[in-house]
1. Could you tell me how many of the residues in the stretch 244-281 are charged (D, E, K, R), in contact (Cβ under 8 Å) with a residue 24 or more places away in the chain and either part of a strand (DSSP E or B) or surrounded by fewer than 13 Cβ atoms within 10 Å (Cβ to Cβ) (or both)?
2. Taking interchain pairs and intrachain pairs at least six residues apart, which have beta carbon atoms under 6 angstrom, with the first residue in the stretch 49-64 and within 20 Å of residue 301 (Cα to Cα) and the second aliphatic (A, V, I, L, M) and assigned to a loop (DSSP other than H, G, I, E, B)?
3. What pairs come out if I take residues in the stretch 90-119 that are over 30 Å from residue 66 (Cα atoms) and pair them with residues that are surrounded by fewer than 21 Cβ atoms within 10 Å (Cβ to Cβ) and of a type in the set (S, T, N, Q) whose C-beta lies under 6 Å away, six or more apart or interchain?
4. Of the numbered conditions (1) in contact with a Leu (Cβ under 8 Å, 6 or more places away or on another chain); (2) modelled with pLDDT of 70 or more, residue 151 satisfies every one except a single condition; which is it?
5. Need at least 2 residues that are more than 27 Å from residue 208 (Cα to Cα) per element, so show me which strands (runs of 3 or more DSSP E) inside the stretch 30-127 make the cut, counting only ones lying wholly within it.
6. Is it true that residue 49 is modelled with pLDDT under 50 and either in contact with a His (Cβ under 7 Å, 6 or more places away or on another chain) or surrounded by fewer than 19 Cβ atoms within 10 Å (Cβ to Cβ) (or both)?
7. Would a scan of the stretch 230-240 turn up a residue that is in contact with a helix residue (DSSP H, G or I) (Cβ under 8 Å, 6 or more places away or on another chain), in a strand (DSSP E or B) and crowded, with 16+ Cβ neighbours inside 10 Å?
Amino acid sequence: MRGLKAAISALVFTLVIFTGSKVFAQQDPMYTQYMDNLLIVNPGFAGSKPDANALLVSRNQWVSIPDAPVTYSFSYNTRFGEENFGLGFSVLYDKIGPQKQTGIYFDYSYFLKVSDNYKLGMGLKGGVSFYRAALTDLITIDPDPIYTQDIYKNFLPNIGVGLYLYSDNSYFGLSVPKLIENTITRDDYQTEYVNKEEIHVYLMGGYNFKLNQDFGLKTSGMFRYIKSAPISIQATALAGFRDRFWVGGMARFGDAFGIVTQFQITPKMLIGYSYDITTSELNVFSNGTHEIMFSYNLNLFN
């Protein structure tokens, strides 16, 4: 069974990464607890909360499948006193099969008051990614020249934009975190491209209901569009008790469903855990997806 899993894994990632001499469109990581990790995809979120926040996320996808996707991210954002702008930065590491990518990005958001209850954050994102594909680590039955040398790209700059409309209990956002479609080629291989950063469009929204003094309900959703990939739609609902304990479910339509739990340890510290079960053919070999989130309000500049 172990050998079969390894064979399936190799086949899956070869199909995901290579098709002939080209590679399918690269996708940015997805998160189950996306509602607490919006800075990664929307620069307009930077500084939208009253307190500065540091957020650490670890995600292990399709556990038990060798070389399955692993993602780590760290982000920090803050608003400067009474100023109408916020700043943030994020570091992202993502690995799937032989592909590894590390990104460092900075965010700026300017806020406009559009009504008595709502503000609009208009954000800019800029940074760079470092990419490697360890093709020589792959075991192939019919060797191809493309597998004889690894791919290194140590400077892939990009910029992005985002809008984030929010109030005390709701938000709505639209963003494109990467506007440049960088191509990743290998100097010694004659092909149109080996890999490509496709444009991702994110549409997001959420509303928090105060049911009574003890109970609340947090709802959120995210729509993700990529030209060369299926549309992704996620919906989440969490029921809470006294703003301390939260538990609920997530559905990523056509892909996975899962549970989400969060615990507000202190007024500044929040931890979360989610477990996804894939609904695709991979569920035969996968033991699910684990995601751990740690959030801490830390004002470094105020």
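The values are calculated or read from the model by the stated rules, or taken from the named source; none is laboratory data. The structure presented is a predicted model; accordingly, all values stated were derived computationally and were not measured. Cβ coordinates were reconstructed from backbone atoms using ideal geometry, including for glycine residues, and neighbour counts include every protein chain displayed.
1. Qualifying residue count for the region: 2.
2. Cβ pairs passing all conditions: 52/298; 54/298.
3. Pairs that qualify, where the first residue is over 30 Å from residue 66 (Cα atoms) and the partner is surrounded by fewer than 21 Cβ atoms within 10 Å (Cβ to Cβ) and of a type in the set (S, T, N, Q), are 111/84; 117/167; 118/167.
4. (2)
5. 70-79, 85-96, 99-113
6. Considered against the rule, which asks whether it is modelled with pLDDT under 50 and either in contact with a His (Cβ under 7 Å, 6 or more places away or on another chain) or surrounded by fewer than 19 Cβ atoms within 10 Å (Cβ to Cβ) (or both), residue 49 comes out as no.
7. yes
Condition check ((1) in contact with a strand residue (DSSP E or B) (Cβ under 9 Å, 6 or more places away or on another chain); (2) at negative phi; (3) modelled with pLDDT of 95 or more) across all residues:
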site	(1), (2), (3)
5	no, yes, no
8	no, yes, no
28	yes, yes, no
44	yes, yes, yes
60	yes, yes, no
75	yes, yes, yes
99	yes, yes, no
104	yes, yes, yes
